[in-house]
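K.L.:
The structure's right below; bear with me while I get my questions together.
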Amino acid sequence: MSLRLFVSRDAGAIAVGADEVALALEQAAARRGVAIEIVRTGSRGMYWLEPLVEVATPQGRIAFGPITEADVPSLLDALSNNTPHLLRLGATDEIPWLKRQTRLTFARCGVIDPRSLDDYRAHGGYKGLERALSLGTDATLDEIIASGLRGRGGAGFPTGIKWKTVAQAKADRKFIVCNADEGDSGTFADRMIMEGDPFLVIEGMTIAGLTVGATKGYIYIRSEYPHAVEAMNAAIVAARRGGYLGSKIGGSTYRFDLEVRVGAGAYVCGEETSLLESLEGRRGIVRAKPPLPAHHGLFGKPTVINNVLSFAAVPFILAEGAKTYADYGMGRSRGTMPIQLAGNLRYGGLFETAFGVTLGELVDDIGGGTITGRPVRAVQVGGPLGAYFPRALFDTPFDYEAFAARDGLIGHGGIVVFDDSVDMRRQARFAMEFCAIESCGKCTPCRIGSTRGVETIEKIINGERVHENLALVEDLCSTMKFGSLCALGGFTPYPVLSALKHFREDFVPVPITLQAAE
Amino acid sequence: MTASYEPWDETRGAEIIAEHANQEGATLVILHALQQAFGYVPEAAIPMVAKALNLSRAEVHGVFTFYHDFRHKPAGRHVLKLCRAEACQAAGGDALAARAEAKLGVSLGSTTPDDRVTLEPIYCLGLCATAPSAMLDGRLIGRLDQKRLDALIVEAQR
């Protein structure tokens with residue numbers, strides 16, 4: 001009997017040696033005359049265990065990790081003779097970090113072969129589309145609205161309302177656009193799902209197309225993600241061949257097709273109107289809203305533009321029903337959020353869970369604290385435009401409104417942890433610097449404000465008229481927040497102001513307290 | 001592995017442009033294809049793209065200069081990109097970037113005088129749970145430390 005092994009082909013696993021491990025396994029098995037089959041899956045999202053090797057057994061998959069090339073001979077010994085191994089983690093599904101999660105969107109990621117349409121279907125794929133086809137467009141739209149799904153890109157706008165606007169718009173052509181320009185540091189969920197379960201994104205976009213009456217969709221993927229581009233392109237070809245893209249989708253009368261477009265290294269293109277400009281072949285300059293993309297989007301036509309994770313949530317909602325999805329979560333944040341734990345963290349990775357988990361649980365408990373072993377000092381939530389949270393705010397539940405109430409945002413769900421060696425002045429300066437590098441230049445508060453911000457924070461770092469310059473930065477942040485056209489200039493103040501507010505001691509020289517002479 | 005590029009050739013350039021010119025919003029697609037073939041976007045190609053897409057030279061030049069990816073001259077033989085975004089900063093990326101600059105004798109965003117190595121910043125490779133990250137000629141490297149960085153630099157200088 002041949003051994004069936006699973007090794008991730010996720011970029012994060014490849015970056016730490018998954019390809020080398022897969023090759024070493026093949027070569028060593030060939031030398032020994034052991035028959036093996038290696039399935040290259042997506043990642044389970046437990047990156048501290050990558051490269052993770054799983055083996056199929058009658059009792060389910062057993063995991064080993066992190067495996068290096070040097071571990072391959074001993075691993076094959078253990079597998080062939082069924083003997084213990086130091087890196088044996090037990091049944092994958094029983095690993096507490098995975099078991100604690102509620103994987104609705106990422107249920108298949110790391111399990112199936114992302115190149116195989118058959119594998120996708122065998123694991124419940126395209127059930128959502130089937131149900132959407134049997135429900136019809138109106139009822140499908142009602143399901144999306146009832147699920148309470150909000151845009152997972154960061155803005156949190158109700159997806160169903162967006163779709164309804166496009167569905168009601170009259171036009172000769174409409175478009176579906178998937179925003180896969182995942183530029184926020186600390187986020188990688190879009191990349192993981194595109195690499196690990198690309199048909200899910202295709203299915204979600206297809207359902208959107210049928211529901212609003214669009215026949216063409218684009219997936220705009222950042223150029224920093226070559227593996228995701230490759231995975232999506234391969235899946236599109238397979239879906240076409242399988243009758244899930246093109247004409248007569250899934251045996252229906254509907255027509256829908258997809259095309260991947262690659263970005264060119266501009267962070268601002270993650271902003272939806274800038275992305276549309278870029279797709280049209282222009283500079284990624286932000287458009288003023290209104291008109292909304294739902295009315296006047298790609299090539300001037302009504303367009304649904306959603307984040308990868310929003311589309312990826314759709315098949316589950318259709319397959320299992322809106323209520324099942326909406327039963328998870330808290331307040332107006334329904335369903336689950338694929339949270340990404342990153343930076344200086346012992347157990348970094350993808351943790352999908354219902355809204356409501358607290359920041360402290362995520363960082364200390366699930367994330368296991370810092371990898372350096374030093375105390376956690378600051379946590380940036382929501383990417384480069386997200387606020388820095390101190391330990392004092394670790395009771396904040398992961399929820400759009402709760403974070404907003406504390407002058408922060410959950411954004412795309414990225415959490416970057418810093419230990420006590422962090423200098424918050426540098427982080428504040430970097431936020432302004434990043435905005436200056438990436439500003440599209442259309443509006444003055446962002447274009448000029450960010451550069452003035454870098455200069456002023458620089459003065460504070462150099463100890464020049466600290467209090468006056470701090471007041472100036474605060475004033476500048478207010479101008480940027482309320483005067484910028486889009487979130488780049490508008491949200492850059494979040495990391496800056498939160499650093500100033502919660503970590504004031506880094507900016508202001510400690511006053512020397514004179515002891516009264518005895 | 002060094003990427004091998006064709007020398008600029010007008011006929012070949014025109015072929016590449018014609019291949020993609022019929023797509024809607026083709027400017028970026030064409031610029032990517034040109035750069036993939038020649039390693040950069042030669043200045044002579046800009047008016048050709050403009051003509052094919054019925055745009056002005058200024059419009060195409062504007063697109064070309066807006067995006068960080070497009071090069072106006074070839075990069076060094078090897079391109080080493082170091083992630084400079086927050087997750088990598090939190091994991092010690094600043095010190096590694098400074099070390100790379102010192103070892104190569106150039107600052108981020110420039111090429112060594114012998115044209116062997118171009119050192120560039122990149123803002124997030126999406127490998128934030130195995131930070132710090134780097135990319136050498138398209139190959140991804142996670143959990144970068146001093147030892148791994150030094151090995152990459154030696155490899156790039158070969």
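The values are calculated or read from the model by the stated rules, or taken from the named source; none is laboratory data. This structure is a prediction, so every number in the text was calculated from the model and none was measured. FYI the Cβ positions are ideal-geometry reconstructions off the backbone, even for glycines, and counts take in every protein chain you see. We work out accessible area using only protein heavy atoms, side chains counted, and drop any ligands, DNA or RNA first. Shrake-Rupley method; radii C 1.70, N 1.55, O 1.52, S 1.80 Å.
K.L.:
Considering only protein heavy atoms and a probe of 1.4 Å, how much of the accessible area of the stretch A:56-140 is carbon and sulfur, as a whole percent? All intermediate terms of the calculation are to be shown ahead of the outcome.
P.N.:
Numbers: 2110 of 4240 Å².
C and S fraction of accessible area: 50 percent.
K.L.:
Nearest 10 degrees, 0 to 90: what angle lies between the long axis of helix B:27-38 and the longest principal axis of chain B (Cα atoms)?
P.N.:
Approximately 70 degrees, to the nearest ten.
K.L.:
Would you calculate, for chain A, the mean residue ellipticity at 222 nm contributed by helices, counting each DSSP H stretch of 4 or more residues as -39,500 (n - 2.57) and dividing by all residues, to the nearest 500?
P.N.:
-12000 deg cm²/dmol
K.L.:
What Cys residues in the protein assembly as shown have no fellow cysteine's beta-carbon under 4.7 angstrom?
P.N.:
By the Cβ distance rule, which asks for a partner under 4.7 Å, the isolated cysteines are A:CYS109, A:CYS178, A:CYS269, A:CYS435, A:CYS440, A:CYS443, A:CYS446, A:CYS477, A:CYS486, B:CYS124, B:CYS128.
K.L.:
Give me the Kirkwood hydrodynamic radius of the stretch A:299-426, using the inverse of the mean 1/r over all pairs of distinct Cα atoms, in Å to one decimal.
P.N.:
About 15.6 Å, per the Kirkwood formula over Cα pairs.
K.L.:
As a test question: what accessible area, to the nearest 10 Å², does B:ASP115 have when a 1.4 Å probe is rolled over all protein chains in place?
P.N.:
90 Å²
K.L.:
Which value, in Å² rounded to 10, gives the accessible area of A:ILE437 with a 1.4 Å probe and all protein chains present?
P.N.:
70 Å²
K.L.:
Also: Taking square-rooted eigenvalues a ≥ b ≥ c of the alpha carbon gyration tensor, is the stretch A:283-362 rounded, prolate or oblate, where a/c under 1.5 means rounded and, failing that, a/b exceeding b/c means prolate?
P.N.:
Here the stretch A:283-362 falls in the oblate category.
K.L.:
Can you tell me the Rg and the Dmax, both Å, for the Cα atoms in chain A?
P.N.:
24.2, 93
K.L.:
Write down the percent of antiparallel bridges among all DSSP beta bridges whose residues are both part of chain B, to the nearest 5.
P.N.:
Antiparallel bridges make up about 55 percent of those DSSP assigns within chain B.
K.L.:
Another question, then. Quick query: amide H of A:ASN307 versus all other amide H atoms, modeled in the peptide plane; which residues come in under 5 Å with a sequence gap of 5 or more or a different chain?
P.N.:
Amide H neighbours of A:ASN307: A:ARG152, A:GLY153, A:ASN179.
K.L.:
Less than 17 Å apart at the alpha-carbon level, and either on another chain or at least 8 residues along: which aspartates and glutamates does that give for A:LYS99?
P.N.:
Reachable aspartates and glutamates: A:GLU54, A:GLU352, A:GLU361, A:ASP365.
K.L.:
State the percentage of accessible surface on the stretch A:259-413 attributable to carbon and sulfur atoms; use a 1.4 Å probe and exclude ligands, DNA and RNA.
P.N.:
With neighbouring chains kept in place, the figure for the stretch A:259-413 is 54 percent.
K.L.:
Here's another thing I want to ask about it. Say the cut-off is 21 Å between C-alpha atoms; which of B:LYS73/B:LYS103; A:LYS459/A:LYS501; A:LYS248/A:LYS323; A:LYS170/A:LYS216 go over it?
P.N.:
B:LYS73/B:LYS103; A:LYS248/A:LYS323
K.L.:
Which value, in square angstrom to the nearest 100, describes the accessible area buried between chains A and B on both sides, using a 1.4 angstrom probe?
P.N.:
In total, this chain pair buries about 3500 Å².
K.L.:
Sort B:HIS78, B:HIS68 from largest to smallest accessible area, using a 1.4 Å probe on the heavy atoms of the protein chains. Show your work: numbers first, answer last.
P.N.:
Details: B:HIS78 15, B:HIS68 100 Å².
Ranked list, largest accessible area first: B:HIS68, B:HIS78.
K.L.:
Could you state the accessible area per residue of the protein assembly as shown in Å², with a 1.4 Å probe and every protein chain left in place?
P.N.:
Accessible area per residue, the protein assembly as shown: 39 Å².
K.L.:
To continue, here is another question. Not counting ligands, DNA or RNA, and with a 1.4 Å probe, what is A:ASP506's accessible surface area in Å² rounded to the nearest 10?
P.N.:
Its accessible surface works out to 30 Å², give or take rounding.
K.L.:
At 1.4 Å probe size, with the rest of the protein present, what percent of the exposed accessible area of chain B is carbon and sulfur atoms?
P.N.:
Result for chain B: 49 percent of the exposed heavy-atom area is carbon or sulfur.
K.L.:
Tell me the relative contact order for the stretch A:276-397 as a rounded percent, counting alpha carbon contacts under 8 Å between residues six or more apart.
P.N.:
14 percent
K.L.:
As a test of reading the structure, rank A:SER134, A:SER484 by solvent-accessible area (1.4 Å probe, protein chains only), most first.
P.N.:
Values: A:SER134 95, A:SER484 25 Å².
Reading off the accessible areas and sorting them downward yields A:SER134, A:SER484.
K.L.:
Mind ranking B:GLU19, B:GLU86, A:GLU26 by accessible surface for me, highest first, 1.4 Å probe?
P.N.:
B:GLU19, A:GLU26, B:GLU86
K.L.:
A further question on this structure: Within chain A, what percent of beta bridges assigned by DSSP are antiparallel, to the nearest 5?
P.N.:
Percent antiparallel among DSSP bridges in chain A is about 55.
K.L.:
Now, a different point. Relative contact order of chain A, please, whole-number percent, based on alpha carbon pairs below 8 angstrom and at least 6 residues apart.
P.N.:
Across chain A, relative contact order equals 13 percent.
K.L.:
Find the centroid of the Cα atoms in the stretch A:482-505 and in the stretch A:113-129, then give the distance between the two in whole Å.
P.N.:
Cα centroid to Cα centroid, the span is 43 Å.
K.L.:
Now a separate question. Please give the residues from the stretch B:103-129 for which the solvent-accessible area of heavy atoms, probe 1.4 Å, is smaller by at least 50 Å² with all protein chains in place than with the chain isolated.
P.N.:
B:TYR123, B:CYS124, B:GLY126, B:CYS128, B:ALA129
K.L.:
Also, I was wondering about something else. On average over all directions, what projected area in square nanometres does the stretch A:88-134 have, based on the convex hull of its Cα atoms?
P.N.:
Approximately 4.4 nm², given one-decimal rounding.
K.L.:
Okay, moving on. How well do other chains shield peptide A:264-273, expressed as the mean number of their Cβ atoms within 10 Å of each residue Cβ?
P.N.:
Working: counts 11, 8, 4, 4, 1, 3, 0, 0, 0, 0.
Per-residue shielding by partner chains comes out at 3.
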